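First up is the structure itself, then whatever we jot down about it.
The values are calculated or read from the model by the stated rules, or taken from the named source; none is laboratory data. Because the structure is predicted, anything quoted here is derived from the model rather than measured. Cβ atoms come from the backbone with ideal geometry, glycine included; neighbour counts cover every protein chain shown.
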Amino acid sequence: MSQIEQRSNEWYEQRLGRFTGSEIHKLMGIKGLGLTGEDYAFSKACELVFGRNEEDSFMSFDMQRGVQYEPLAFECFNRLNEENFIVATECEFFEYDTFAGASPDGIVSDNAVLEIKCPKPETLFELIATNEIDKKYQYQMQMEMLCAEKDKAYFFNYGIWNGREIHHTIVVERDEVIITKIKERIAEALILRDRYVEQIKANLQFNLM
């Protein structure tokens with residue numbers, strides 16, 4: 001099966017109306033969905049009714065760096081792990097029922113997912129110093145493990161500094177407590193999303209083309 005190009009129309013269509021790994025943190029408020037989770041559910045409802053806003057294609061400098069460096073990071077990860085016969089391969093979008101899903105940057109041969117980040121140097125240096133993963137990425141990887149049915153994740157950060165490759169790996173184990181919470185929040189958000197869809201359709205004052 002051929003890979004769908006990232007940020008292509010097909011790539012966006014796969015995610016239309018679905019709660020996805022990269023944004024699942026928006027549902028994980030301390031006391032429920034919260035305003036951020038409600039806003040996220042509403043945005044997914046709008047996608048289902050109106051489709052994606054094709055004019056919304058802005059790519060920040062950080063995003064551009066990620067697109068540029070990710071293939072190099074992928075190669076670097078495999079080069080570092082080849083002696084241990086650990087190999088990462090590209091993968092497709094993994095569905096979680098019909099309303100959610102996740103797309104890791106790769107599937108690793110030892111029953112793991114690969115999540116690559118190519119942050120700005122200051123952020124990479126801070127990660128190396130602290131070994132602490134941002135909460136939103138922790139939730140993202142747990143969502144990826146849920147959808148891909150894997151037991152662990154490689155959090156692989158990569159950058160180039162003065163012509164030299166810099167990389168840092170943290171292995172994250174599957175956490176069933178977090179995954180159960182993710183499932184519960186998705187179920188809550190799904191009810192809210194579908195309610196918003198009904199309200200939008202009921203109040204439309206023009207015909208969708």
Scan (1) modelled with pLDDT of 95 or more; (2) within 17 Å of the chain's Cα centre (by Cα); (3) within 28 Å of Arg195 (Cβ to Cβ) for the single condition Val108 breaks and write down its number. (3)
Picking from Ile116, Ile133, Ile128, the residue that is within 26 Å of Arg185 (Cα to Cα), in contact (Cβ under 8 Å) with a residue 24 or more places away in the chain and over 14 Å from the mean Cα position of the chain (by Cα) would be Ile133
Could you please find all residues in the range 152-209 being surrounded by fewer than 12 Cβ atoms within 10 Å (Cβ to Cβ) and either at positive phi or assigned to a loop (DSSP other than H, G, I, E, B) (or both)? Asn162, Gly163, Leu204, Gln205, Phe206, Asn207, Leu208, Met209
Taking the range 98-146 and keeping only residues that are part of a helix (DSSP H, G or I), surrounded by fewer than 21 Cβ atoms within 10 Å (Cβ to Cβ) and not hydroxyl-bearing (Ser, Thr, Tyr), one is left with Pro121, Glu122, Leu124, Phe125, Glu126, Leu127, Ile128, Ala129, Lys135, Lys136, Gln138
Selection from the range 87-97 of residues that are under 27 Å from Thr123 (Cβ atoms) and either more than 19 Å from the chain's Cα centre (by Cα) or outside any strand (DSSP E or B) (or both): Glu90, Cys91, Phe93
Can you name the residue in the range 21-46 that is surrounded by fewer than 20 Cβ atoms within 10 Å (Cβ to Cβ) and of a type in the set (Val, Ile, Thr) and is also modelled with the highest pLDDT among such residues? Thr36
